[in-house]
Amino acid sequence: MKINRCIWMLTFILVLVGNSVTGKGKDKGPFPVPLGDPFILLHEGTYYAYGTHSDKGIEVYVSDNLKTWSRPAHLPDGLALNKEDVWADRWFWAPEVYLVNGTFYMYYSADEHICVATSKSPLGPFKQEKKEPMIADEKCIDNSLFIDDDGKPYLFFDRFNDGLNIWVAELTDDLLQIKRETMRPCIHVSQPWEMIWPRVNEGAFVMKHEGMYYMTYSANSYESPFYGIGCATATDVNGPWTKYEHNPLLQCPGDLVGVGHSAMFRDKKGQLRIVFHAHKDKESIHPRAMYIGKVKFRKQKGSSEQTMYIDPEYITPVLKK
């Protein structure tokens, strides 16, 4: 089992939890991009990275090569979304940004509720015309948009009704509201590698490849060094979803621990990429940093089905001085 590759790190768990508050650890240059739950959008030749970091909203960084990043010059605080423009005033997490019919939609979590805001620019400002969450009477996080080949929009998100588990629902045509009667469960904790600490399946991202739906997700607490990325597949967007028996696809690559909450995108050359975060180092969780890898598909022996895999090699994006 891949857990064995990093079993020696168990001794660090208590240290990691303590340091998640104190932020202990030595600073080393060059400085990585300080985003948890990262997402990358490629628009008109520029990469835009969003993620969890600021207590004032959602930050954005820009790059033309995926390796070096900077804050936009006209955004001294780096915020694409400011908490003054939206519902809630704390816990702005896990943003994803999509361009649909000339409008940029940011799906994100705020105060443990799923939200959506819009802008005419990938740099923002993202705002809500109605300052409210998508589901007001229930805590949910990690909402991710998927639009199928027929144009029907879906939202994947986490519910707290079985630990953390992943659900899907249809969206209204304006992409701003959930059709609650269409909500369906997708996956929950069910494999041994997911049961280390605690009961978590979260951070879904769904793509379609040659007629098959692929869902990457993360398991175990983000505080755990054994946080990792798994994959489930389905022939229908509403499921049933079947997890790979050989999960996790990515856990403790190289010197990284706490690897997870990923999203996929295609780079300028058309290569499918995956962006994810990891702990600051083996002793400290925060600030988490952004990393980028490659995703590929290959056929298994004796089968025509394509299997997704994540290259264990990755790049470490850095901030320009």
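Find which of Asn101, Met134, His74 sits farthest along the positive direction of the dipole of the range 26-160, computed with +1 on the beta-carbon of Lys and Arg, -1 on that of Asp and Glu, about the Cα centre.
Comparing the listed Cα positions along the dipole, His74 ranks first.
Could you sort out which of Lys243/Lys296; Lys179/Lys299; Lys56/Lys130; Lys83/Lys120; Lys67/Lys296 sit more than 27 Å apart by Cα distance in this structure? Kindly include the intermediate steps, with their values, before the conclusion.
Details: Lys243/Lys296 17 Å; Lys179/Lys299 37 Å; Lys56/Lys130 19 Å; Lys83/Lys120 18 Å; Lys67/Lys296 20 Å.
Table pairs above 27 Å Cα-Cα are Lys179/Lys299.
Mind listing the phi-derived Karplus ³J(HN,Hα) values for the range 298-303, rounded to whole Hz, using 6.51, -1.76 and 1.60 with θ = phi - 60°, and x for any glycine or proline?
After applying 6.51 cos²θ - 1.76 cosθ + 1.60, I find 8, 8, 7, 4, x, 9 Hz.
For the range 127-220, with the dipole built from +1 on Lys and Arg beta-carbon atoms and -1 on Asp and Glu ones, taken about the Cα centre, which of Ile178, Asn161, Ile147 lies farthest toward the positive end?
Value: Asn161.
Among Lys269, Lys296, Lys280, which one moves the most in a GNM of the chain with springs linking Cα atoms closer than 10 Å?
Among Lys269, Lys296, Lys280, the largest mean-square fluctuation in the Gaussian network model of the chain belongs to Lys269.
Just the accessible area for Met264, please: 1.4 Å probe, Å², rounded to the nearest 10?
10
Around Asp311, under 14 Å between beta carbons, what's the net of Lys plus Arg minus Asp minus Glu among the other residues?
+2
Between Phe297 and Arg184, what FRET efficiency comes out of the Förster formula 1/(1 + (r/R0)^6) with R0 = 30 Å and r the beta carbon distance, rounded to 0.05? Please report the intermediate quantities before stating the final value.
On the way: r = 26 Å, r/R0 = 0.87.
Step by step, r from the Cβ atoms, then E = 0.70.
If you take the beta carbon distance between Glu245 and Asp148 as r and set R0 to 35 Å, what does 1/(1 + (r/R0)^6) give as a FRET efficiency, to the nearest 0.05? Don't skip to the end; give the middle numbers.
On the way: r = 26 Å, r/R0 = 0.76.
The calculated FRET efficiency here is 0.85.
Most fluctuating residue of Lys120, Lys282, Lys83 in a GNM of the chain with Cα springs under 10 Å: which is it?
So, out of Lys120, Lys282, Lys83, the one fluctuating most is Lys120.
Helix-only estimate, please: 222 nm mean residue ellipticity of the chain, summing -39500 (n - 2.57) across DSSP H runs of length 4 or more and dividing by its residues, to the nearest 500. Walk me through the numbers before you get to the answer.
On the way: 1 runs with 10 residues, N = 321.
Helices in the chain give a 222 nm mean residue ellipticity of -1000 deg cm²/dmol.
Let's see if you can work this out: charge +1 on each Lys and Arg Cβ, -1 on each Asp and Glu Cβ, no other charges. What is the dipole magnitude of the chain about its Cα centre, in debye to the nearest 20? Intermediate results must be reported in sequence, preceding the final value.
Numbers: 37 positive and 40 negative charges, 238 e Å.
Using Cβ point charges on Lys, Arg, Asp and Glu, the chain gives about 1140 debye.
Amide H neighbours of Ile114 under 5 Å, counting only residues 5+ apart in sequence or on other chains, H built in-plane at 1.01 Å?
The list, which skips near neighbours in sequence, is Met134, Ile135, Cys140.
Under 10 Å, Cα contacts only: if you run a Gaussian network model on the chain, which one of Ile187, Ile166, Ile135 comes out with the highest mean-square fluctuation?
Checking each option, the largest mean-square fluctuation is seen for Ile135.
Could you calculate the FRET efficiency of Glu210 with Glu283 from 1/(1 + (r/R0)^6), where r is the beta carbon distance between them and R0 is 30 Å, rounded to 0.05? List each step's numbers first, then the result.
On the way: r = 43 Å, r/R0 = 1.43.
Using R0 = 30 Å, I get an efficiency of 0.10.
Label point 7 Å out from Phe31 along Cα-to-Cβ: which residues of the range 285-306 have amide N under 12 Å?
Inside the label zone: 287.
Find which of Ser303, His209, Thr235 sits farthest along the positive direction of the dipole of the chain, computed with +1 on the beta-carbon of Lys and Arg, -1 on that of Asp and Glu, about the Cα centre.
Of the candidates, Ser303 comes out farthest on the positive side.
Protein chains only, probe 1.4 Å: how do Arg180, Arg288 rank by accessible area, largest first? Provide the component values of the computation, followed by the final result.
Details: Arg180 105, Arg288 25 Å².
Largest accessible area first, the list is Arg180, Arg288.
Thr242: accessible area at probe 1.4 Å, nearest 10 Å²?
So the heavy atoms of Thr242 present about 90 Å² to solvent.
Using bins 10 angstrom wide from zero, how does P(r) for the range 219-307 break down, in % of all Cα pairs?
Taking every Cα pair in the range 219-307, the percentages come to 15, 40, 33, 11, 1.
Just the number, please: carbon plus sulfur as a percent of the accessible area of the chain, 1.4 Å probe, no ligands or DNA/RNA counted.
Carbon-and-sulfur percentage of accessible area, whole number: 50.
The values are calculated or read from the model by the stated rules, or taken from the named source; none is laboratory data. All values derive from a computational prediction rather than experimental measurement. Virtual Cβ from ideal backbone geometry, glycine too; neighbours counted across all protein chains shown. Only protein heavy atoms, including side chains, enter the accessible area calculation; ligands, DNA and RNA are left aside. Shrake-Rupley method; radii C 1.70, N 1.55, O 1.52, S 1.80 Å.
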